[in-house]
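Derivation of every value follows stated rules applied to the coordinates shown; laboratory data play no part. The model shown is predicted, which means the values in this text are computed figures rather than measured ones. Here Cβ is always computed from backbone atoms with ideal geometry, including for glycine, and neighbour counts include all displayed protein chains.
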Amino acid sequence: MMIIEVRRSEVGGSVKAPPSKSHTHRAFFIASLARGRSRTSNALVCGDTEATLDAIRMFGSDASWSYVNSSELRAPTEAVYCRRSGTTLRISCAIASLCEGRTVITGDESLIRRPIGPLLKALKELGAETSSSDFPPVVIKGPVRGGGVEIDASVSSQFITALLVIGPRIGLEVRAKGDVSRPYVDMTIDVMRHFGAYVKKEGDIYFVSGEYRSSSYEVPGDYSSASFLLAAGAIAGRVRVTGLSGRHPDERIADVIKLMGGTVRRGDGWIEAEKSELEGITIDLSQSPDLLPITSVLASFAKGVTEIKGVEHARVKESDRISSMAYNLRKAGIDVVERRDGLLIEGGVPRGGVFRSFGDHRVEMAMIVLGLAAEGISRVEGGRYSDSYPGFIKDLSSLGADVRCSA
């Protein structure tokens, strides 16, 4: 197991945001359903997106990091192994439903704990045959037909995304129940429209038709990864992140820091955060649940109490992020109350210690950032940051952070 040692540091400088993982996933899957050859640029190369690239190859596409040459969909002869990627899992299930024949889809030990029941139920309503389990591994046999379907998205917006992505192939009306992480659905629609799909939303119903066309797509910078760098600036110096564009739920990190009283500046394609005296706030992160870990870290340095709510669905990510962050912040000497849908955090002076990633890249990166301003030495057990941000340690070091990795 890798150990990341972090010492109190002052950080400063500018870093270009890595490419967006969420956009990379969507661009690859949608390009695999478009006729002809599509080109991709600035795709994020990481463990999760490698899982997506492997998946579309198994479904018949010739693909690399710079292009996708689609072909007739086929059910893979071997299991589609989604590693640790929930997005790969959910969209692969939908694409498998387009194929004649049986597709087996599975993942590693963290992924097989992530629910897919509501998505399987919707695919069954559209004519697919699926195994009875609500968790991977799953067997899916298509093809599905078009029409109307209802999906319970109270656990994950990826269920909506998966159905929308296959919509242009069959024509769909998707009625969505539940209102979590809807900005991720908006992101999906943006990429779909770029490739020629027609998507219209009326109330809670999405109407999907049209036909995907091959295209060139440039992946924008990632606000999710940028959130850790900006938080580092807010508690330990001054950091500017450049190369940011497009819509992304985690763009909200700038608002979170400002609401806490932090200094945030914005320009054309960049955001900068500077060390400030932070104050506790009450915030609903239901539409940006991936910000829970890093917001929890900011709250641990803030004066007073911070209430984070609306993130019950964060319990079924790579880890139970509510419990994971509560455990680690207590180890740092911070008073935390764990609630069903969030955390109550009384800020103070975090101290270093030995922290766990729980196999979760965002928990790991959040605790590394905490170590930049905590008293003493912090050691984070992990090495999962490469799932989404392989250059994280290198970028932090370039800003002056004292971060060291050892096996």
- Query: For the range 21-218, what is one quarter of the convex hull surface built on the Cα atoms, given in nm²?
  - Reply: 9.1 nm²
- Return the calculated 222 nm mean residue ellipticity for the chain, to the nearest 500 deg cm²/dmol, obtained by summing -39500 (n - 2.57) across DSSP H runs with n ≥ 4 and dividing by the residue count. -9500 deg cm²/dmol
- Mind checking the full-extension length gain between VAL337 and ASP186? Use 0.36 nm per residue of separation minus the Cα-Cα distance, one decimal, nm. 51.1 nm
- Measure up LYS141/LYS200; LYS309/LYS331; LYS16/LYS275; LYS331/LYS394; LYS201/LYS275; LYS16/LYS317 against 30 Å on the Cα-Cα distance and list the ones that go over. LYS201/LYS275
- Hydrodynamic radius of the chain per Kirkwood, over alpha carbon pairs, in Å: 21.4 Å
- Message: Positive end of the dipole of the chain, charges at C-beta (+1 Lys, Arg; -1 Asp, Glu), about the Cα centre: which of ALA299, THR40, VAL337 has its Cα farthest in that direction?
- Response: THR40
- Message: Averaging over every viewing direction, what projected area does the convex hull of the Cα atoms of the range 214-324 cover, in nm²?
- Response: 7.8 nm²
- Note on the structure: extent check for the range 282-407: Cα max minus min per principal axis, descending, whole Å, gives 36, 29, 22
- Note on the structure: P(r) of the range 138-234 over all Cα-Cα pairs, 5 Å bins starting at 0, rounded to whole percent, reads 3, 12, 20, 21, 17, 13, 8, 4, 2, 1, 0
- Item | Selected from PHE135, SER70, GLY203, residue furthest toward positive end of dipole (the range 21-218; charges at beta carbon) | SER70
- Item | Reciprocal of mean inverse Cα separation for the range 268-320 (Kirkwood radius, Å) | 12.4 Å
- the range 148-306: translational diffusion in µm²/s, Stokes-Einstein, Kirkwood Rh over Cα pairs, 20 °C, 1.002 mPa s: 125 µm²/s
- Query: How would you classify the range 1-57 from its alpha-carbon gyration tensor, with a ≥ b ≥ c the square roots of the eigenvalues: rounded for a/c under 1.5, else prolate if a/b is greater than b/c, otherwise oblate?
  - Reply: oblate
- Query: Residue-wise, which Karplus ³J(HN,Hα) couplings in Hz belong to the range 142-150, taking 6.51 cos²θ - 1.76 cosθ + 1.60, θ = phi - 60°, and x for glycine or proline?
  - Reply: x, x, 8, 10, x, x, x, 8, 10
- Item | log₁₀ of I(q)/I(0) at q = 0.16 Å⁻¹ - the range 89-161, Debye sum with one point per alpha carbon | -0.48
- Query: So in the chain, what percent of DSSP beta bridges are antiparallel if you round to the nearest 5?
  - Reply: 65 percent
- With an 8 Å cut-off on Cα pairs and a minimum separation of 6 or more residues, tell me the relative contact order of the range 4-159 in percent. 17 percent
- Query: Using the beta-carbon distance between ALA407 and LYS177 and R0 = 51 Å, what value does 1/(1 + (r/R0)^6) give for FRET efficiency, to the nearest 0.05?
  - Reply: 0.65
- Query: Using +1 on the beta carbon of Lys and Arg, -1 on that of Asp and Glu, and nothing else charged, what's the dipole of the chain about the Cα centre, debye to 20?
  - Reply: 420 debye
- Using 7 Å Cα-to-Cβ label points, what is the GLU277/MET1 separation (nm, one decimal)? 3.9 nm
